[in-house]
1. Sorting check: for 161-167, 43-49, which peptide has the highest mean count of neighbouring beta carbons within 10 Å, and how do the rest follow?
2. Who wins for biggest fluctuation among 74, 62, 103 in a Gaussian network model of the chain, springs between alpha carbons below 10 Å?
3. Which percent of Cα-Cα pairs in region 27-372 sits in each 10 Å bin, short to long?
4. On a full-extension model of 0.36 nm per residue, what is the gain between residue 158 and residue 322, subtracting their alpha-carbon distance, rounded to one decimal in nm?
5. May I ask you to give the solvent-accessible area per residue for the chain, in square angstrom, as obtained with a 1.4 angstrom probe?
6. With r defined as the distance between the Cβ atoms of residue 301 and residue 175 and R0 fixed at 30 Å, what FRET efficiency is calculated, to the nearest 0.05?
7. Could you please state how large a percent of the accessible area of the chain is carbon and sulfur, counting protein chains only and using a 1.4 Å probe?
8. Rounded to the nearest 0.05, what FRET efficiency do residue 199 and residue 271 give with R0 = 45 Å and r taken as the Cβ-Cβ distance? Could you check?
Amino acid sequence: MNKKLIALALAALPAAAMADVTLYGQIRGGYEYNKTYSSTLSKDANGKPQGSSEVNDWTSRLGFKGGEDLGNGLKAIWQVESAISVDGTNSTGFGTRDTFVGLAGDGWGQIRLGKLSNYPNLDMEQVDPGYYSTQSVGGLGMFTRLDGRVNNAIRYDSPNWYGFSYMALWGFDEARVTGLDGSRANQQFVNIGLSYENAGYFGKYSFASWGDASNVAGSNKDWHRLEAGYNANNIYLAFGYQQIQGYGFGSFYNGTLGTLANNAAVAGLVAAGNSAAASQLAVNTSKLKTKELALTGGYTFGAFTPYLSYAKGYNATLGGSTINDSGYDQFVLSLDYALSKRTDVYTSYGHVKWKYPGTDNESSFGLGLIHRF
């Protein structure tokens, strides 16, 4: 991001407006040694990942937010948040993260429109408290792979009633691609989240659904996520379970695994006498279901907080038939050391064991620094 442009934009704001603007952000990054399928390093001659030393960004961000009191308990709110990259290699832009304008009321909650996080991305992920890059398995990135932001979205968040709250998000499909049957598809996104938090205990549930899923190759259909646990008195415990259904291999755990399984499924149908095109269409329109669980425990003593996370992907099913050896086991051991209230040193080691034939294990080590402002 161009620092001069930001400085000029701030200088152009009148003094009265500046009083209502908050500048905030996080700078996060570190050294990583990754041997993963998502690494930018080329694979070996057999398509297996190779190890590499890297300096990577850990989802740094810079934001501006503010509001205006409109009277009678009503307030206008806005935010512009952008991804930034401390390693200097990733392309970033303005407003690439949660960016919105909206209204908030004293007794009825808030409503926003723009580019907005789905419920798991903003309000869950307690099972995945760490820091890591998109090339690393030093966190539960496979479990949280659908957590993200929705373009062209409207989101409502309720107030908190004795620990209970809820949200609803609608994402409009402005692409409206041609579906598999030749008709105009509508991939609108609906997300509902429910939460209860009290005295350190929490329980959260998210349901998401995509329209016309069976008419778009590789599309997700529906997604359930449950998280529960306890975070108080230096104790950190979190449990997560999710089920994702879609068509084809678009919602599979890992891109490499999805490609291998897809190719095997198509090859099997071709061997049975179908044409390659008909076999691919049969796979694309078959329902895929994945189930996963995750557990994380941690304990804070002094400035140190060690965490141990475990995630398990069960065998997936395609068209009601089990895909043998399609699951995974992952563990992450990490340590957070608080240098201050705003600066942490963080290190982790993660390992993934894939069970599918032809896949290799993945591993990552990371050591870095996080600063919040």
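The values are calculated or read from the model by the stated rules, or taken from the named source; none is laboratory data. Quick caveat, the model's predicted, so the values are computed rather than measured. Cβ sites come from the backbone with ideal geometry, for glycine too, and all protein chains shown count toward neighbours. Side chains are part of the model used for accessible areas, which takes the heavy atoms of the whole protein and leaves out ligands, DNA and RNA. Shrake-Rupley method; radii C 1.70, N 1.55, O 1.52, S 1.80 Å.
1. Top of the packing list down: 161-167, 43-49.
2. 74
3. Percent of Cα pairs in each bin: 5, 21, 31, 28, 11, 3, 0, 0.
4. 55.0 nm
5. That works out to 48 Å² for each residue.
6. Step by step, r from the Cβ atoms, then E = 0.05.
7. Carbon and sulfur together cover 57 percent of it.
8. Computed FRET efficiency for residue 199 and residue 271 comes out at 0.15.
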